[in-house]
Amino acid sequence: MDITHTTIPGTGTVHHGDTRQGDHLGVIVTDTGRRILMVYDRADPDTAAHTVELDEEEADHLAELLHSRPLADRLAAVEQRLAELTGRAPGQAPGQARQPAKNLTRTPPAARADP
């Protein structure tokens, strides 16, 4: 979805987008942190058919519901990618020595040297 952003002087910012099914949506983010969701009338795309006002906490809850993956899963994916980029294990602090990988292979008894 392509989103456009327009500043409304003295009010905040309005974000507009169109869904694949042709619905036109808008969100006004006010300077005070409130969110106003707008669903536009298909017959008159300049008129909001319905609006819903949300405070910051309500907006956060709704945003969490709308995400395709839970926040914990997205954070874990970011941590894993960061670990790959930095060469650190996930959760490893900067400067902390990386633990060597354990050798999980076993030497067959026939290949072992007798003491």
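The values are calculated or read from the model by the stated rules, or taken from the named source; none is laboratory data. These numbers were taken from a predicted model, which means no experiment stands behind them. Neighbour counts are summed over all protein chains in view; Cβ atoms, including those assigned to glycine, are modelled from backbone coordinates with ideal geometry.
For this structure, a couple of remarks:
- Scanning segment 30-52 for residues that are under 22 Å from the mean Cα position of the chain (by Cα) and charged (D, E, K, R) returns R34, R35.
- Of the residues making up segment 30-44, those that are surrounded by 12 or more Cβ atoms within 10 Å (Cβ to Cβ) and basic (K, R) are R34, R35.
- The requirement of being in a helix (DSSP H, G or I), under 25 Å from D2 (Cα atoms), at pLDDT 75 or above and not β-branched (V, I, T) is satisfied by L75.
- Only residues that are exposed (fewer than 12 other Cβ atoms within 10 Å of the Cβ), within 20 Å of L66 (Cβ to Cβ) and of a type outside the set (G, A, S) were counted in segment 1-22, giving 8.
- Residue identified as over 30 Å from T7 (Cα atoms) and at pLDDT below 80 among L104, L85: L104
- Members of segment 42-54 that are of a type outside the set (A, V, I, L, M, F, W, C) and either at pLDDT 90 or above or in a strand (DSSP E or B) (or both): H50, T51, E53
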